[in-house]
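Following: one structure in structure tokens, then a few remarks.
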Amino acid sequence: MNVLVIGSGGREHTLVWKLKQSRKVDKIFCAPGNGGIAALARCVNIKVDNTKSLIEFAQRNKCDLTVVGPEQPLASGIVDEFHRRKLRIFGPDRKAARLESSKVFAKEFMKQHHIPTAPFCVFQTSAEAIGFCKSAEFPLVVKADGLAAGKGVIVAKNLKEATIAIEMMMTKKAFGRAGERVIIESFLRGQEVSIMAITDGKTILPLLPSQDHKQAFDGDRGPNTGGMGAYCPVDLVTPEIMEDIQQHILEPTIAGLKADEIGFVGVLYAGLMLTDFGPRVLEFNCRFGDPETQAVLPLLKSDLVDILMAAADRKLASAGKLEWRKGSSACVIMASRGYPANYKTGFPIAGLENVKDNNCFVFHAGTRRDNGKLLTAGGRVLAVVGLNNDLRGALDRAYNVIRKIRFEGAFFRKDIGFRVLQQKAEAKG
Ligand code: AMP
Ligand code: GLY
């Protein structure tokens with residue numbers, strides 16, 4: 001069979017790598033892909049929002065399955081368009097994708113279906129939002145309703161910070177229409193964990209839990225990014241906590257969608273805070289996480305093609321259980337100096353030929369090939385993943401490989417997994 005993957009990041013490189021391991025796959029295409037994906041798939045120069053050309057390509061190349069990486073095409077309804085042409089695609093339709101594309105929709109949905117999340121209010125004007133903050137307790141969290149590339153959430157420590165955030169979103173319209181409405185919600189304390197589950201709207205197959213590191217710098221300092229590293233599994237999520245998440249979050253979400261007559265095929269990704277009062281949903285995404293996917297998929301033994309095909313055909317119950325490798329995986333992102341703000345690209349990447357560890361993978365995020373030379377082409381450039389018996393070993397592997405790779409302005413976090421490692425050290429005394 002032929003498979004088309006849509007997107008160009010580290011997540012898509014990992015998806016292509018994993019899907020290609022299936023004996024069932026003959027040809028694999030990626031639109032638009034990147035410098036690393038080109039070694040595994042035929043990259044086709046079609047942008048992720050060019051639905052018409054993607055459909056034509058999938059038809060012409062007899063693609064039996066299309067897998068959508070990023071959220072924007074899902075929010076714009078790429079799945080609805082593929083379905084109209086009777087093309088098989090893995091991902092939620094436009095209606096279902098609102099769980100990610102509108103935080104107001106997601107929060108109201110959670111409230112209606114009793115899914116645990118932070119208490120919140122929705123505001124249509126900056127005056128009302130600021131008025132509310134004047135008598136609120138801090139810290140609190142200000143969120144733009146729509147998609148804002150991971151930048152639409154501000155934790156405000158005081159009224160001044162809240163006012164700046166509200167004005168940036170609602171008056172200065174920093175995120176355009178995404179900031180027409182804002183949510184203000186209570187600040188939750190705890191550790192964050194990402195739970196991605198494959199679903200066809202009936203059966204739910206959770207992947208192993210992972211933990212992202214959103215801030216740019218060590219010690220969780222600096223601005224929020226798309227994610228600077230992740231590890232998997234997360235021991236903090238004990239079997240009891242996982243059961244709690246299944247029963248109180250994943251199942252009610254799928255049941256609520258069904259009750260509201262919203263079919264959901266794809267990845268239901270719950271970003272959770274593990275609070276003293278139990279897990280709470282911070283956000284839903286409706287796609288694979290980046291960089292969580294880079295950490296999670298290398299541990300998956302099962303054939304991903306079977307799972308995604310079964311989900312797309314709404315027969316996920318027949319796919320059986322997921323099989324996992326033992327051990328841990330750690331992913332460290334190498335980024336361009338200046339990311340997540342302004343950064344330069346076009347620098348040569350050296351040293352990849354020295355990576356000879358079979359338990360290490362270098363997934364490309366922002367890279368491109370120019371006359372055979374590999375160059376940086378984005379904020380997040382590479383995702384280096386190490387596997388080992390435990391997290392420390394997996395991290396050591398990833399950092400050993402990073403030392404061999406060079407490009408101008410490269411930076412990475414040196415402390416991925418620090419919270420859990422600290423906890424383990426403290427427990428040992
Ligand atoms: P979101 O896109 O809603 O997941 O928010 C992005 C990040 O902001 C999360 O990963 C958290 O680190 C932080 N955040 C969001 N909501 C809250 C909250 N209610 N309490 C504390 N931190 C939050
Ligand atoms: N790593 C966070 C996300 O994929 O949204």
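The values are calculated or read from the model by the stated rules, or taken from the named source; none is laboratory data. Source: prediction; values computed, not measured. Cβ placement follows ideal geometry from the backbone for every residue including glycine, while neighbour counts extend to all protein chains displayed. Calculation scope for accessible area: heavy atoms of the full protein, side chains included, ligands and nucleic acids excluded. Shrake-Rupley method; radii C 1.70, N 1.55, O 1.52, S 1.80 Å.
What are the pairs, 6+ residues apart or on separate chains, where a residue within region 155-181 that is touching a residue at least 60 places away in the same chain (Cβ under 8 Å) has its Cβ under 6 Å from a residue that is open to solvent by 60 Å² or more (accessible area, probe 1.4 Å)?
R181/Q124
Looking at A149, A162, A156, A136, can you tell me which residue is more than 10 Å from ligand 1 (Cβ to nearest atom) and open to solvent by 50 Å² or more (accessible area, probe 1.4 Å)?
Checking each option against the conditions leaves just A149.
Is it fair to say I262 is open to solvent by 30 Å² or more (accessible area, probe 1.4 Å), touching a Gly at 6+ places or on another chain (Cβ under 9 Å) and at pLDDT 95 or above?
Values: open to solvent by 30 Å² or more (accessible area, probe 1.4 Å): no; touching a Gly at 6+ places or on another chain (Cβ under 9 Å): yes; at pLDDT 95 or above: yes.
In short, no.
With respect to F347, determine if the residue is crowded, with 22+ Cβ neighbours inside 10 Å, touching a residue at least 40 places away in the same chain (Cβ under 8 Å) and of a type in the set (F, W, Y).
Judged against the criteria, F347 is not a match.
Can you tell me which residues in region 119-162 are assigned to a loop (DSSP other than H, G, I, E, B), among the aromatic types (F, W, Y) and closer than 18 Å to S102 by Cα?
Hits for region 119-162: nothing passes.
Tell me the helices (runs of 4 or more DSSP H) entirely within region 219-300 that contain at least 1 residues that are closer than 19 Å to R189 by Cβ.
In region 219-300, the matching helices (runs of 4 or more DSSP H) lie at 239-245.
So which residues in region 365-396 are open to solvent by less than 60 Å² (accessible area, probe 1.4 Å) and among the basic types (K, R), if there are any at all?
The one that is open to solvent by less than 60 Å² (accessible area, probe 1.4 Å) and among the basic types (K, R): R380.
Out of all the residues in region 343-371, which are closer than 21 Å to C331 by Cβ and in contact with a helix residue (DSSP H, G or I) (Cβ under 7 Å, 6 or more places away or on another chain)?
Once the filter is applied, which keeps residues that are closer than 21 Å to C331 by Cβ and in contact with a helix residue (DSSP H, G or I) (Cβ under 7 Å, 6 or more places away or on another chain), region 343-371 yields V355, D357, N359, C360, F361, V362, F363, H364, A365.
Does region 108-124 hold any residues that are more than 9 Å from ligand 1 (Cβ to nearest atom) and open to solvent by less than 70 Å² (accessible area, probe 1.4 Å), and which are they?
F109, M110, H113, I115, P116, C121, V122, F123
Among the candidates A174, A127, which residue alone is within 16 Å of ligand 1 (Cβ to nearest atom) and over 30 Å from K315 (Cβ atoms)?
A174
Does S102 meet the test of being hydroxyl-bearing (S, T, Y), more than 9 Å from ligand 1 (Cβ to nearest atom) and either under 20 Å from N224 (Cβ atoms) or modelled with pLDDT of 95 or more (or both)?
Criteria met by S102.
Out of L236, L257, L250, L274, which single residue is over 24 Å from L387 (Cα atoms) and within 16 Å of ligand 1 (Cβ to nearest atom)?
L274
Cβ-Cβ below 7 Å, separation at least six or inter-chain, first residue in region 264-288 and under 26 Å from I6 (Cα atoms) and free of Cβ contacts under 8 Å to residues at least 12 places away in the same chain, second open to solvent by less than 20 Å² (accessible area, probe 1.4 Å) and within 10 Å of ligand 2 (Cβ to nearest atom): which pairs?
Cβ pairs passing all conditions: none.
Tell me, which strands (runs of 3 or more DSSP E) lie completely within region 349-429 with 1 or more residues that are charged (D, E, K, R)?
Hits in region 349-429: 367-370, 373-376, 380-388.
For region 166-213, list the strands (runs of 3 or more DSSP E) that sit wholly inside it and hold at least 2 residues that are of a type in the set (V, I, T), in contact with a Pro (Cβ under 7 Å, 6 or more places away or on another chain) and surrounded by 16 or more Cβ atoms within 10 Å (Cβ to Cβ); which are they?
Result: 191-199.
If I go through region 183-204 residue by residue, how many of them are among the aliphatic types (A, V, I, L, M), more than 15 Å from ligand 2 (Cβ to nearest atom) and in contact with a Gly (Cβ under 9 Å, 6 or more places away or on another chain)?
Summing the residues that are among the aliphatic types (A, V, I, L, M), more than 15 Å from ligand 2 (Cβ to nearest atom) and in contact with a Gly (Cβ under 9 Å, 6 or more places away or on another chain) in region 183-204 gives 1.
Name the helices (runs of 4 or more DSSP H) wholly inside region 1-93 in which the number of residues that are of a type in the set (D, E, K, R) and touching a strand residue (DSSP E or B) at 6+ places or on another chain (Cβ under 7 Å) is 2 or more.
10-20
All but one of (1) away from ligand 2 (no atom under 16 Å from the Cβ); (2) at positive phi hold for D93, so report the exception by its number.
(2)
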